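Nothing in this text is a laboratory measurement; each read-out follows from the coordinates by a stated rule. This is a predicted model, so every value here is computed, not measured. A quick note on method: Cβ atoms are made from the backbone with ideal geometry, for glycine too, and the neighbour counts reach across all protein chains shown.
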Amino acid sequence: MPRFKAISALALLGVLISAGTVGSQDPLRARAEAESAASALPITAPDPSDPRFNPYIDEPAVHAPLPITPGAAAAPIAEAPVPDRHTAIQQEPFALALATTATNVIAPSLPTSDAAVDQAAHAVRSSLPKELVTAELIAPSEVAPFEVAQRRLFATVPDDIEPYFDLFMYVSKSNRGPLAQRMYVFQRDADGKIVPYAEWPVSTGREKIEFRHERRIRTTTPEGIFALNPKRFYKRYWSKTWDGAPMHYAMFYDLMNNGNQSGLAIHAAVGGDKIRKLGRRDSAGCVRLAPKNAKELFYKVRNTTQGRVPMLAVNDRGSTDRWGRAQVDETGALRLQDGYRAMLFVENYDGRDELVGPVVAYTH
C-alpha cells in the first residue's frame, strides 16, 4: 500500500512538471480555454435575411488607399490664430491652456523694429472694444505729451507776436491728468524749427482764498500768455507778502494788475517739503520748479534770449492783456521793447482726452 501511494505521487508530480514546461500556464485555465475554443461560433458577415439585421446602422466605410503622386508639393500648414486679449479672457482656462500649449501651433514671428511694434499695437487696439483698451496696450512711443502741449500753445499764441519769441514754456495747472503740473519747454533752432527742450514737474497755485495777516489772498495761478520782465530777474529773492519765503532764481512776469506790478514769477522751490510736492498744486500762485531746473532756465533765458519783443496791450484799468494782444502804433505796426524772447503760456488743461497711459518724461 505505501508503495502504491508513492507511485501515485510521482505520477501527479510528472503531470505538473509537464504542464509547466508547456507555456507555463495554470492547468485549470488551460482546460477552460480549450473548452471555450471548442464551443465558439465562427465569425461571419451579417446575413440580411436575419431578422436581427438592422440596415439603418451605418457600418464604417472602407476606402482603398489614395495613390501617392511623386513630387507633389505638401499642403501649407495654416497658422493658428493667436487669441487676442478680449477672446482670451472669455475662454475657459482649460481651453485656453490647450490653445497655448498645442505642439502643432506655429507661432507668428515677433516684430523687431519700432515701426512694427507700433503697427502691431495699433492692430491689437483696433480689434478690441473701447472699454478693454487700457494703458497696458498703449505703446510708450505713441504717448506724445510734447506734441499736445506744442499744438495747444501755438494754437493760442497770436500769429503776429509768435515770431518775436525763441523760447516757449507751456504749463498745465490742472490737478490731474497726464499733463497736470508739468512744464514743457520748447526752443527755436537755427533753422527756425520749434523743438522740445525739457519737461519738468512744477507746482502752481493752491487755487484757494486764504487769509494772511488778516488779508484775503487768492492763491491762484492765472491762465494766459505772459512775457517776462527783464528788470525783475533775481538770483536770490525773498517774498515780502509771505514773510520772507525764498523765491530764488525768480523771473517775474511782465504783468500789471490794476496799475500795480504782479508778484507772480517762475522760481525755485526751496526746502525739502516744497521740493517733494512738485507735481502737485502747492504755491501761492507762482510757478515753482526744482532748484536745478529753475537755475538752468534762469540762465538760459537771461543769457540766450535777449532781444526786441512786442509790448503787450494794457487796458483802461491798467491791467496787461493776458492773451497776447500787442500794442500797435499809428501805422498798425507792433510796438517793440528790449526784453527776453521768452514766453510763458499757462492753462487749466489735463490732457486726458488726448493722452492715455504713462507719460514718458523728456529732458534735453
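Working out 0.36 nm times the residue gap between K295 and E210, then minus their Cα-Cα distance, what length gain in nm do you get to one decimal?
Values: separation 85, 0.36 × 85 = 30.60 nm, distance 2.93 nm.
That works out to 27.7 nm of additional length.
Report the local net charge at K240: Lys and Arg +1, Asp and Glu -1, summed over other residues whose C-beta lies under 15 Å from its C-beta. Mind showing how you got there, number by number?
On the way: positive: R212, R215, R232, R236; negative: D243.
Result for the neighbourhood of K240: +3.
Place the peptides 274-285, 194-205, 236-247 in order of packing, highest mean first, counting for every residue the other Cβ atoms within 10 Å and averaging per peptide.
Result, highest mean first: 194-205, 274-285, 236-247.
How large is Rg/Rh for segment 142-347, to two decimals, with Cα atoms and a Kirkwood Rh?
Working: Rg = 16.6 Å, Rh = 17.4 Å.
Value, to two decimals: 0.95.
Do any trypsin sites (Lys or Arg not before Pro) in segment 154-189 lie in a loop, going by DSSP, with at most 16 other beta-carbon atoms within 10 Å of their beta carbon, and if so which? Can you show the working numbers first?
Details: sites: K173, R176, R182, R188; in loops: K173, R176.
Qualifying residues, ordered by number: R176.
Between beta-carbons, use under 11 Å as the cut-off and find the net charge around A149, counting Lys and Arg +1, Asp and Glu -1. Present the calculation step by step, with values, prior to reporting the outcome.
Numbers: positive: R151, R152, R182; negative: E147, E199, E347, E354.
Once positives and negatives cancel, what remains is -1.
Of the listed pairs K240/K274; K208/K274; K208/K292; K208/K231; K274/K295, which have alpha-carbon separations greater than 24 Å here? All intermediate terms of the calculation are to be shown ahead of the outcome.
Details: K240/K274 18 Å; K208/K274 18 Å; K208/K292 28 Å; K208/K231 30 Å; K274/K295 16 Å.
Among K240/K274; K208/K274; K208/K292; K208/K231; K274/K295, the Cα-Cα distance tops 24 Å for K208/K292; K208/K231.
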